[in-house]
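So the structure is just underneath, and the comments pick up after that.
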Amino acid sequence: MKGISLDGLRPLRSVVLALSLGLAGVASAQEAPPKIKEALDRADKAVAAIVAIPRDKRTFDNTIRAIDDLNVRLSNDVSLFLFKQFVSTDAREREEARVADEVVSNWEIALGKREDLYQAVRAYADTKPALKGEDARLLEFLLRDYRRAGMDLPKEERDRLQQLEMEMNRLSIEFEKNIAQDETRVPLTAAELKGVPQRVLDRLTRAGDVYLVSMDGPTYIGVMENAENEATRQKVWMSYRRRAGTRNVEVLEDLIRLRARATSMLGYKTTVDHRVETRMAKDAETIRKFYEELRPIVRQKAELDFAEFQQAKREHTGNPEARFNPWDYGFYRNMLLRDKYAVDSSAVQEYFPLDRVLQGLFDITQSLYGLTYTDITAKADAMGWPTWHEDVKLFEVTDKESGRVLGHFFLDLHPRDNKYTHAAVWGLHQRKEWADGKVQTPLAAMVTNFTKPTADKPSLLTHDEVETFFHEFGHVLHHMVTEARHGRFSGTAVARDFVEAPSQMMENWVWIPETLDLFARHYRTGASLPRETLEAMERARTLGSGLEAEGQFYLGLLDYTYHTAPRGEVDTTEVAMRLYDEVTMYEAVPGTFFQASFGHLTGYEGAYYGYMWSNVYAQDMFERFREKGVLAPEAGRHYRDTVLARGGTLDEMEMLRAYLGREPSMEAFLHYLGLKK
Ligand SMILES: [Zn+2]
């Protein structure tokens, strides 16, 4: 399973009006570079033109489509400029882009609150137009966004909402600051830290024989996976779950109360109902059922895992009564992987030279989806999309059957100083059909950090990196083959709890002998990846998957329970304890308050379930490939037409039914977790 962080997809500049409950930052338009000021001026003029149209002259084209037009134009004008903050080699350019990003965001937030533009949309909607398909959906979404932002409330209520927003904004910042500035250190002696690799210890502050163990990711994981002393692991685990202190528990509880108040003013029963209205799940009740259905089945795997891990602990400690505890998980997982599953990841790496992986990924997806990719880096300047570094390449995507150009994508694969450090895809231009019939094709950029090959040493990817490569490229394809007419629905502009599904599905191709045989070759001998190695990797893939899935249930249900509490009144520590007992195989540990440092409670509040939700549908979608053939162009074409091409033009559940030809099911996901069918 992939980690819990929402990786990858970052639609840089949504064409959607930024009707968030967020507040504008501090940067003002005066600080923006001339290019950005001009773009915003143009957008302001377009807004003025829409507003100026007399009430009885309003049409879809001059009002609703015109809003989509102005958003797409603004995105075209600014997206590459803003994107440079993540990839430019020039410090000034990065800083200018960062400031410009804030200016444009502020402009969008202000636009979402413009009464005159809202009245224009309202006036058109009041004509009760007979719209169909994507046009109807565009109007519906605009009205929905305005309602969600409180634009149809009376003035005094809107002002009160604004007050609440300011207060929530302040508390969110405080919550995040308390996490970021947490200074928890656990003093432990070298003896207590036995087993922890020297490279982890070397980074710690040390006084004589005592190390101050910090709570950053690499240190925490380094200790939890390697410290042989159980008491050490227990201390570090408990300290980790006390980060940000009880002060942050208060901040969180205030925040939850204010969120409930704001969403109730907007007419929603709970914060979750508000947050997921625009997602596939649609309401809190659906999420409750989702967990209710999944949990008992996953429990079977969690019990098997627990028994396996407990056995390992008993053998290792020589204590036949030893109980397996949550702070034991990382240590025994590491031990089982090393001793029982014996996957030597550096040996596996030798089968994945980057060039071959890229070629394999290209071959597979071109054939599956009926596409041709052409390297047109040499023409990048002429196309008006100059590359920003010599490593960057530009590709053109054409439809094999018709020869039609579908879109373009950049690949920026290797690390360098000051570059974005994770893997992600930016949608830079949306697909758009203008009123005159001209079609704008999409542009995307995939950014990763895979080691650069040299003349005498190829870049060898870990299997995990190969999986990331396929995952991210899933986002690229979603952008490229879209047939959406309005920018608002182009490519990955789908519900947030579905957007990862196409990419999560793509990960499966790196676990199948049939597809691996096409590109996994030892960089020196040219030999295929041995079947036994792959089988061992597959067994290791589901090691602990039940316990980990329950960990995700816990986080999801914590978020869910907090944000469905009546009036937002909740004792977050009491709930955290109770759920830990109920949802996981472990017993709750008094004195911990993990929620105080659970950063996803700001930003993704009420929607944490989405990480697992999208994977359930990803695995279900993959079933059809399993049946028809993972390399069968017929299966690929059907998927391209019914899912990828549709973008956000259709309700995701309807789209899934059309693709599957049946109701969605959880079966495939359970199989993926290692549960037998
Ligand atoms: Zn992703």
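The values are calculated or read from the model by the stated rules, or taken from the named source; none is laboratory data. Remember, predicted model here, so these are calculated numbers, not experimental data. Cβ atoms come from the backbone with ideal geometry, glycine included; neighbour counts cover every protein chain shown. To get the accessible areas, we keep the full protein, side chains included, count just its heavy atoms, and leave off ligands, DNA and RNA. Shrake-Rupley method; radii C 1.70, N 1.55, O 1.52, S 1.80 Å.
Of the conditions (1) surrounded by 20 or more Cβ atoms within 10 Å (Cβ to Cβ); (2) among the aliphatic types (A, V, I, L, M); (3) under 28 Å from the mean Cα position of the chain (by Cα); (4) over 25 Å from residue 574 (Cα atoms), residue 244 clears all except one; give me its number.
Among (1) surrounded by 20 or more Cβ atoms within 10 Å (Cβ to Cβ); (2) among the aliphatic types (A, V, I, L, M); (3) under 28 Å from the mean Cα position of the chain (by Cα); (4) over 25 Å from residue 574 (Cα atoms), the lone unmet condition for residue 244 is (4).
Going by the conditions given, is residue 312 of a type in the set (Gly, Ala, Ser), surrounded by fewer than 17 Cβ atoms within 10 Å (Cβ to Cβ), at pLDDT 95 or above and over 28 Å from the mean Cα position of the chain (by Cα)?
Against the criterion (of a type in the set (Gly, Ala, Ser), surrounded by fewer than 17 Cβ atoms within 10 Å (Cβ to Cβ), at pLDDT 95 or above and over 28 Å from the mean Cα position of the chain (by Cα)), residue 312 does not qualify.
How many of the residues making up segment 487-506 are part of a loop (DSSP other than H, G, I, E, B) and either of a type in the set (S, T, N, Q) or within 12 Å of the ligand (Cβ to nearest atom) (or both)?
Count: 6.
Go through segment 582-641 and count every residue that is small (Gly, Ala, Ser), outside any helix (DSSP H, G or I) and closer than 21 Å to residue 554 by Cα.
5
Can you run down the residue pairs with Cβ atoms below 9 Å, 6 or more apart or on separate chains, where the first is in segment 380-394 and under 22 Å from residue 452 (Cβ atoms) and the partner is in a strand (DSSP E or B) and among the small types (Gly, Ala, Ser)?
Pairs found: 392/445.
Among the residues of segment 62-78, which ones are surrounded by 21 or more Cβ atoms within 10 Å (Cβ to Cβ) and under 24 Å from the mean Cα position of the chain (by Cα)?
Result: 71, 72, 75, 78.
Of these, 401, 396, which one is more than 16 Å from the ligand (Cβ to nearest atom) and touching a helix residue (DSSP H, G or I) at 6+ places or on another chain (Cβ under 9 Å)?
After ruling out the rest, the residue left standing is 396.
Select, from 176, 95, the only residue that is within 30 Å of residue 216 (Cα to Cα), in contact with a Gly (Cβ under 7 Å, 6 or more places away or on another chain) and open to solvent by 40 Å² or more (accessible area, probe 1.4 Å).
That would be 176, the only listed residue that is within 30 Å of residue 216 (Cα to Cα), in contact with a Gly (Cβ under 7 Å, 6 or more places away or on another chain) and open to solvent by 40 Å² or more (accessible area, probe 1.4 Å).
Which condition does residue 38 not pass, out of (1) surrounded by fewer than 17 Cβ atoms within 10 Å (Cβ to Cβ); (2) of a type outside the set (S, T, N, Q); (3) modelled with pLDDT under 95, if it passes all the others?
So residue 38 meets the others, but not (3).
Would you tally the residues in segment 517-535 being open to solvent by less than 10 Å² (accessible area, probe 1.4 Å) and either modelled with pLDDT under 95 or within 16 Å of the ligand (Cβ to nearest atom) (or both)?
Selection size over segment 517-535: 1.
Only one of (1) assigned to a helix (DSSP H, G or I); (2) among the acidic types (Asp, Glu); (3) surrounded by 15 or more Cβ atoms within 10 Å (Cβ to Cβ) fails for residue 355. Which number is that?
Just one mismatch for residue 355, condition (3).
Conditions: (1) closer than 29 Å to residue 462 by Cβ; (2) open to solvent by 40 Å² or more (accessible area, probe 1.4 Å); (3) of a type in the set (D, E, K, R). Residue 305 meets all but one. Number of the miss?
(2)
Would you mind finding the one in 602, 649 that is open to solvent by less than 30 Å² (accessible area, probe 1.4 Å), modelled with pLDDT of 95 or more and in contact with a helix residue (DSSP H, G or I) (Cβ under 7 Å, 6 or more places away or on another chain)?
Checking each option against the conditions leaves just 649.
Among the residues of segment 33-57, count how many are more than 26 Å from residue 128 (Cβ to Cβ) and part of a helix (DSSP H, G or I).
Residues flagged as more than 26 Å from residue 128 (Cβ to Cβ) and part of a helix (DSSP H, G or I) within segment 33-57 amount to 13.
Identify the single condition in (1) crowded, with 18+ Cβ neighbours inside 10 Å; (2) among the aromatic types (Phe, Trp, Tyr); (3) within 16 Å of the ligand (Cβ to nearest atom) that residue 410 does not satisfy, given that it satisfies every other one.
(3)
Can you report the number of residues in segment 437-486 which are away from the ligand (no atom under 14 Å from the Cβ), among the polar types (S, T, N, Q), open to solvent by less than 10 Å² (accessible area, probe 1.4 Å) and under 30 Å from residue 538 (Cβ atoms)?
Qualifying residue count, segment 437-486: 1.
Within segment 428-464, which residues are touching a Gly at 6+ places or on another chain (Cβ under 6 Å) and not in a loop (DSSP other than H, G, I, E, B)?
Of everything in segment 428-464, those that are touching a Gly at 6+ places or on another chain (Cβ under 6 Å) and not in a loop (DSSP other than H, G, I, E, B) turn out to be 432, 444.
Among the residues of segment 420-436, count how many are within 16 Å of the ligand (Cβ to nearest atom) and open to solvent by 30 Å² or more (accessible area, probe 1.4 Å).
3
In the set 391, 417, which member is farther than 20 Å from residue 479 by Cα, surrounded by 12 or more Cβ atoms within 10 Å (Cβ to Cβ) and not hydroxyl-bearing (Ser, Thr, Tyr)?
391
Could you pull out the residue among 188, 193, 142 that is modelled with pLDDT of 95 or more, within 25 Å of the chain's Cα centre (by Cα) and open to solvent by less than 60 Å² (accessible area, probe 1.4 Å)?
Answer to the selection: 142.
Find the residue count for segment 149-170, including only residues that are open to solvent by less than 40 Å² (accessible area, probe 1.4 Å), more than 24 Å from the chain's Cα centre (by Cα) and of a type outside the set (Gly, Ala, Ser).
5
Can you name the number of the only condition in (1) in contact (Cβ under 8 Å) with a residue 60 or more places away in the chain; (2) over 30 Å from residue 31 (Cβ atoms); (3) open to solvent by less than 40 Å² (accessible area, probe 1.4 Å) that residue 59 fails?
Answer for residue 59: the failing condition is (3).
Return the residues of segment 627-649 that are more than 17 Å from residue 480 (Cα to Cα) and free of Cβ contacts under 8 Å to residues at least 60 places away in the same chain; say none if nothing qualifies.
If the condition is that a residue be more than 17 Å from residue 480 (Cα to Cα) and free of Cβ contacts under 8 Å to residues at least 60 places away in the same chain, then 627, 628, 629, 634 are the ones that fit.
Might you let me know whether segment 324-343 holds any residue that is modelled with pLDDT of 95 or more and not in a helix (DSSP H, G or I)?
yes
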